[in-house]
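Visitor: Have a look at this one.
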Amino acid sequence: MLLEFDEQEGLIRERALLDPNHVVEEDRIVGRDEQLQEVTKMLRVALGNNRPPNLFLYGPSGTGKSLITKAVCNKITKICESREIEFGTIEVNCQDLDTLGVAVYELVTEAADEAGVDVEVPKHGVSTKEKWDELFRIVNENFDSIVFVLDELDMLVGRRDKQDPAFSRLLYQLSRAGGDGELDAYISVVAISNDTKMMESVGSRALSSFTPEDVHFDDYDANQLQSILRRRQDAFYEDVLADDVIPLAAAFAAQTHGDARKAIDLMRVAGELAEREGDAQVREEHVRQAQDKVEKNRVLEVVRGISTQKKLCLYATAAVAAESNNGSARSTTGYKVYQFLTDSIDADQYHQETYVNKMKELTTYSLVDFERRSHGPSSGMFLEFQFGESPETILETLREDSRIDMVSQDEVTSVVRAQVKNET
C-alpha cells in the first residue's frame with residue numbers, strides 16, 4: 001500500500017512552502033514592507049559588529065512577526081559569515097515554558113545548538129543562576145553578536161507567588177547582562193507578543209534596562225492574504241489549484257483576525273484532502289472541508305489544555321453567542337448560563353468577576369475578543385464577547401469533556417434563549 005501510494009502523482013510539489021513556520025525569501029513576504037524595513041534597519045547594526053537595539057514586536061497571531069524576524073536574522077547571518085563576524089540567533093517559543101529556570105535552560109540548549117557545542121550543566125538539580133552562567137559562557141566563547149528572539153513571551157508567566165511575571169525577570173536578566181560585564185558579546189533581545197499590553201506588566205527595573213523599539217503588526221486584509229497565498233501557489237504543480245481556492249482560503253482567514261498562518265494552513269490541508277481523495281485538482285469543496293478541519297483542530301488543541309472552570313465559562317459564553325443575532329455574548333448573560341452549568345454538574349461556582357477574568361484570559365488564545373459596552377443607563381456596563389471561530393464548533397469540541405456532555409443541550413439552549421430574551 002505504501003509503495004502504491006508513493007507511485008501516485010501528488011498535487012503538492014514543495015510542502016515546505018505550505019508550512020507557516022517556513023522562512024521564505026523576501027520577495028514572498030507581502031504587506032509588511034514597513035515592518036520589514038524597521039526590523040532590518042535596527043538589527044543591521046550587528047553587521048558592523050555593534051549591539052543592535054532591543055525590539056518589541058506586537059500584534060495579532062499570524063501577522064508576520066516571527067517570519068520577518070527570522071528572515072532578517074537569516075540574512076544578517078549570511079552577511080556576517082562573509083565578514084568573519086560570529087553572529088547567532090537564539091530563538092525560543094515561550095508558550096510551553098512554565099518557569100524562569102526552564103526558560104533559561106531552553107536558551108542554554110538553543111545557544112549550544114547554534115554554536116555546535118555541548119551543554120555542561122544538567123537540566124535539573126542546579127540553580128537558575130548556574131544555568132545563566134552556562135548561557136553566558138556559551139555566548140562569550142562562541143559569538144561576537146547575538147539576538148535572542150523570545151516568541152509568545154507573554155505566555156511565560158511563571159510562579160504566581162513572584163512579584164513580577166517570569167517574562168519580566170527574563171527580560172531584566174538578559175538586557176542588563178551586557179552592561180554588568182557578564183557578556184562580552186553584543187546582545188539584542190527581540191520580544192514578540194500577541195498581547196499589545198504586555199509591556200504594562202513588565203516590572204520597572206526590567207523596563208528601564210530593556211527599553212525596546214516598538215514595531216506594530218496589524219491584521220492582514222483579504223487582498224494581502226490572497227497575495228501571500230499566490231506567492232506560495234508554486235508549492236503545487238501547475239494548474240492544480242482551481243481559480244476560487246485562493247480567494248476562498250483568504251476570505252476564511254480574513255474573518256479570523258487576518259491570520260496568514262491560517263490561510264497557508266487552509267491551502268495545505270485542502271491540497272492534502274484532494275490528494276487523499278485522488279482528485280486531479282484542489283477545488284472550493286476541499287477548502288470548505290479544510291476550514292472545518294483546521295478550525296476544529298485548533299479549538300480542540302486549545303480547549304484540551306484549559307481547566308474545567310475555563311471550559312464551563314467558555315461553553316456558557318459560546319452558547320449565548322450561538323443564539324444571538326450578531327454572534328456575540330454579553331458577560332452578564334454568559335454568567336447566568338455559567339451558573340446554570342455549574343449547578344447542573346455540581347461544580348464550584350465563581351463570582352461574576354472571576355468568570356469575566358477567566359474569559360479575558362481566553363483572549364490570549366485568539367478564541368474570543370471583547371469590548372466594553374453599555375446599552376443605556378438602565379443596562380449598566382458589561383463586556384461583550386465576540387468569537388474568532390464559530391461558536392458552534394467550540395460547543396461541539398467542549399462537549400467532548402464528559403462532565404459538560406452530562407448537561408442536556410436542549411436544556412442549555414432553553415436557558416440561553418430565556419436569558420437572551422431578557423436582554424431586550
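Visitor: Excluding ligands, DNA and RNA, what is the solvent-accessible area per residue of the chain at a probe of 1.4 Å, expressed in Å²?
Guide: With all protein chains present, the chain gives 50 Å² per residue.
Visitor: To continue, here is another question. More than 17 Å apart: what percent of Cα pairs in the stretch 309-418 qualify?
Guide: Working: 2913 of 5995 pairs.
Tail of P(r) above 17 Å: 49 percent of Cα pairs.
Visitor: Moving on to the next point. Distance from a point 7 Å along Cα→Cβ of E86 to each backbone N in the stretch 124-159: keep the residues under 19 Å and list them by number.
Guide: 132-149
Visitor: Packing-wise, with mean Cβ within 10 Å as the measure, how do 17-28, 119-130, 259-270 rank, highest first? Let's see the in-between values first.
Guide: Values: 17-28: 14.9, 119-130: 12.3, 259-270: 25.1.
The peptides rank, most packed first, as 259-270, 17-28, 119-130.
Visitor: Kindly state, to the nearest 0.05, the FRET efficiency for D239 paired with K123, given R0 = 35 Å and r defined as their beta-carbon distance.
Guide: Between D239 and K123 the formula returns 0.10.
Visitor: Just how far, in whole angstrom, is the stretch 322-362 from the stretch 246-306 if you go by their alpha carbon centroids?
Guide: Measuring centre to centre over Cα atoms gives 30 Å.
Visitor: Go through the stretch 265-363 and name the GluC sites (Glu not before Pro) that are in a DSSP coil and have 10 or fewer other Cβ atoms within 10 Å of their Cβ.
Guide: Here the GluC sites (Glu not before Pro) that fit, given the DSSP loop and packing criteria, are E277.
Visitor: Treating the beta-carbon of each Lys and Arg as +1 and of each Asp and Glu as -1, no other charges, what is the dipole magnitude of the chain about its Cα centre, to the nearest 20 debye?
Guide: 1500
Visitor: Which is farthest toward the positive dipole end of the stretch 169-284 among V190, Q224, I246, measuring Cα position about the Cα centre, with Cβ charges +1 (Lys, Arg) and -1 (Asp, Glu)?
Guide: Of the candidates, V190 comes out farthest on the positive side.
Visitor: Identify, among L156, A318, A206, the residue whose Cα sits farthest towards the positive end of the charge dipole of the chain, taking +1 on the Cβ of Lys and Arg and -1 on the Cβ of Asp and Glu, with the dipole about the Cα centre.
Guide: Among L156, A318, A206, the one farthest towards the positive end of the dipole of the chain is A206.
Visitor: Still on this structure, I have one more. In whole percent, how big is the carbon plus sulfur part of the accessible area of the chain, probe 1.4 Å, protein atoms only?
Guide: Answer for the chain is 42 percent, counting heavy atoms of protein chains only.
Visitor: Sort 148-155, 103-110, 394-401 by packing, meaning the average of other beta carbons within 10 Å per residue, with the highest value first.
Guide: Descending packing order for the listed peptides: 148-155, 103-110, 394-401.
Visitor: Which parts of the stretch 282-309 would a label at R276 reach, counting a residue when its backbone N lies under 17 Å from a point 7 Å out along Cα-to-Cβ?
Guide: So the set is 282-301.
Visitor: Each label point is 7 Å from the Cα along the Cα-to-Cβ direction; what then is the distance between the points at D184 and R373, in nm?
Guide: 6.2
Visitor: Pop the C-beta distance of K78 and N21 into the FRET formula with R0 = 22 Å and round what comes out to the nearest 0.05. All intermediate terms of the calculation are to be shown ahead of the outcome.
Guide: On the way: r = 20 Å, r/R0 = 0.90.
Once the sixth-power term is evaluated, E becomes 0.65.
Visitor: Let me ask something additional. Counting alpha carbon pairs within less than 8 Å and at least 6 residues apart, what relative contact order, in whole percent, applies to the chain?
Guide: 16
Visitor: Using a cut-off of 11 Å between beta-carbons, work out the net charge of the residues near F217 (Lys and Arg +1, Asp and Glu -1, F217 not included).
Guide: Values: positive: R32, K65; negative: E34, E38, D214, D218, D219.
Net local charge, F217 excluded: -3.
Visitor: Let me ask you something else. Pairs of Cα atoms under 8 Å, at least six residues apart: use those to get the relative contact order of the stretch 252-366, whole percent.
Guide: Normalised by residue count, the contact order of the stretch 252-366 is 17 percent.
Visitor: Additional query: Show me the trypsin sites (Lys or Arg not before Pro) within the stretch 166-251 that DSSP assigns to loop and that have at most 12 other Cβ atoms within 10 Å of their Cβ.
Guide: K197
Visitor: If the cut-off is a Cα-Cα distance under 21 Å, which lysines reach K262, setting aside same-chain residues fewer than 8 apart in sequence?
Guide: Cα-Cα hits under 21 Å: K65, K70, K293, K296.
Visitor: Sticking with this one: Could you check the simple spin-label distance between L300 and K197, using points 7 Å along Cα→Cβ, in nm with one decimal?
Guide: A separation of 3.4 nm, rounded to one decimal place.
Visitor: Over 18 Å between Cα atoms, which of K310/K358; K41/K75; K310/K421; K311/K336; K123/K162 qualify?
Guide: K310/K421; K123/K162, as the Cα separations exceed 18 Å there.
Visitor: If you take every DSSP beta bridge whose two residues both sit in the chain, what share of them, in percent to the nearest 5, is antiparallel?
Guide: DSSP beta bridges in the chain are roughly 35 percent antiparallel.
Visitor: Then there's this: Using 1/(1 + (r/R0)^6) with R0 = 51 angstrom and r between the beta carbons of D218 and R137, what's the FRET efficiency to the nearest 0.05?
Guide: Efficiency, rounded to the nearest 0.05: 0.80.
Visitor: Kindly provide the Kirkwood hydrodynamic radius of the chain in Å, to one decimal, from all pairs of distinct alpha carbon atoms.
Guide: Roughly 24.0 Å, rounded to one decimal.
The values are calculated or read from the model by the stated rules, or taken from the named source; none is laboratory data. Note that the coordinates shown come from a computational prediction; the quantities given were computed from them, not determined experimentally. Glycine also receives a Cβ, built like all others from the backbone with ideal geometry; neighbour counts cover every protein chain displayed. Note: accessible area is taken over every heavy atom of the protein model, side chains too, but ligands, DNA and RNA are not part of it. Shrake-Rupley method; radii C 1.70, N 1.55, O 1.52, S 1.80 Å.
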